Amino acid sequence: MTGRPTVVVTRRLPSPVEDRLRTLFDARLNTTDAPLDEAALAGAMRDADALVPTVTDRITATLLGTPGRRVRIVSTFGVGFNNIDVAAAREHGVVVTNTPDVLTDDTADLAITLLLMVARRTGEGERLVRAGDWTGWRPTQMLGTRVTGKTLGLIGFGRIGRAVAARASGGFRMRVVWHDPFAGDDAASLGGERRISIEAVLQESDFVSLHCPATPETRHLMNADRLAAMRPGAFLINTARGDVVDETALVRALREGTIAGAGLDVFEREPAVSRELLAMDNVVLLPHLGSATEETRVAMGNRAVDNLAAFFGGSAPRDRVA
Ligand code: 8YV
């Protein structure tokens, strides 16, 4: 290749990352931050050497098969890559990389935030105060559920699941049980108690937190039956991906009192959130904030840039997933 590689970035990134992209590449940055439509993405596939998408871009087989495609690497900004058809990328010889590790702690912090918020009814409490409806302290007002010492069930015991386990067991003396078909034998030494089935985790847990990737196998993993297998009075926390939960079944379970509440950072049809959820007081709803700190978003961007720099420098990108 002659000259600097052309890199199309689909959304605004923190300015230190955009500066670095401009220094290293012929960077086509998205100054408006408006998502690129299908035609613009196809144009990028034809005109650029690399694409830096985010969770809001669907990198489909059609896109990867764009006639005259020039893009050779898709360096996604995020650890999850369910928005990218990795099988099609492999087929077309397009390299795909992600940004693991750097967002583990912040995402774990957010899972704990949701857990505390929903158990202690803090969203509800804040709404009351802001509405000017707080009439004064009462011994029986807005009683929540204790967190300390309870059982936390983790579905997925990878980097983020383990970071949540450390916070829960260390900070809140919680008993942690987990299920992860892909965890190696070494995972047992990282704490918590392993369970062979998801149902065993659900039956034992006061709080269930999801930390598995979104794959065809995990789509609607939390369906009506699994929600019914949770303890009455238990809470569901989701910082993974919306489609791991059957949102319609969740709404029903919450409405009928099958479970006590939910803390959700991700949704099946983002940014749309079901009207029923919006109307419920026993759910906490956040706009996909898992990795949203200044520090982490810069680190994610740098990791995406490192992957591009390695690829165009002729070495193996550290975070290759396809
Ligand atoms: C990001 C995430 O906000 O990394 C992920 O998988 O869900 C979040 O950290 C998002 O993916 C940005 O593309």
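The values are calculated or read from the model by the stated rules, or taken from the named source; none is laboratory data. All values derive from a computational prediction rather than experimental measurement. Counting neighbours? That spans all protein chains shown, and the Cβs are built from the backbone with ideal geometry, glycine included. Each accessible area value is taken on the protein alone, full model and side chains, heavy atoms only, with ligands, DNA and RNA left out. Shrake-Rupley method; radii C 1.70, N 1.55, O 1.52, S 1.80 Å.
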Helix-only CD estimate at 222 nm, as mean residue ellipticity for the chain, using -39500 (n - 2.57) per DSSP H run (n ≥ 4)
-10500 deg cm²/dmol
Quick one: give the max-minus-min coordinate of the C-alpha atoms of the range 202-245 along each principal axis, largest first, in Å.
28, 19, 13
Taking 1 over the mean of 1/r across every pair of different Cα atoms in the range 80-178, what Kirkwood radius in Å do you get?
16.6
If one computes the Cα centroid of the range 105-160 and of the range 163-184, what distance in Å separates the two points?
18
Quick check on the range 104-285: of the DSSP beta bridges with both residues there, what percent are antiparallel, nearest 5%?
5
For N282, net neighbour charge (Lys/Arg +1, Asp/Glu -1) across residues whose Cβ lies under 11 Å away
0
Counting C-alpha atoms alone, how compact is the range 217-322: give Rg to one decimal and Dmax as a whole number, in angstrom.
18.1, 57
Give me the percent of DSSP beta bridges within the range 205-322 that run antiparallel, rounded to the nearest 5.
10
Given H placed on each backbone N at 1.01 Å, which residues far from V283 in sequence or on other chains put an amide H within less than 5 Å of it?
A262
Give me the accessible area of T62, 1.4 Å probe, in Å² rounded to the nearest 10.
110
Can you list which of the chymotrypsin sites (Phe, Trp or Tyr not before Pro) found in the range 122-196 are DSSP loop residues with at most 14 other C-beta atoms within 10 Å?
W134, W137, F182
Over all Cα pairs of the range 1-127, how is the pair count split among 10 Å bins, expressed in % and running from 0 up to the last occupied bin?
12, 37, 28, 14, 8, 1
Hey, can you grab everything whose amide H is under 5 Å from the amide H of K150? Only 5+ residues off in sequence or another chain; H modelled, so Pro and N-termini drop out.
R175
Gap in Å between the Cα centre of the range 195-209 and the Cα centre of the range 246-299?
20
Cα-based Kirkwood hydrodynamic radius, the range 104-285, one decimal, Å:
16.5
How large a share of the accessible area of the chain, in percent, is made up of carbon and sulfur atoms when the probe is 1.4 Å and the other protein chains stay in place?
52
Tally the DSSP beta bridges in the chain and give the antiparallel ones as a percent, rounded to 5.
5
With the other protein chains left in place, how much accessible area per residue, in square angstrom, belongs to the range 19-147 at a 1.4 angstrom probe?
51
Give the whole-number value, in cubic angstrom per residue, of the convex hull volume spanned by the C-alpha atoms of the chain.
151
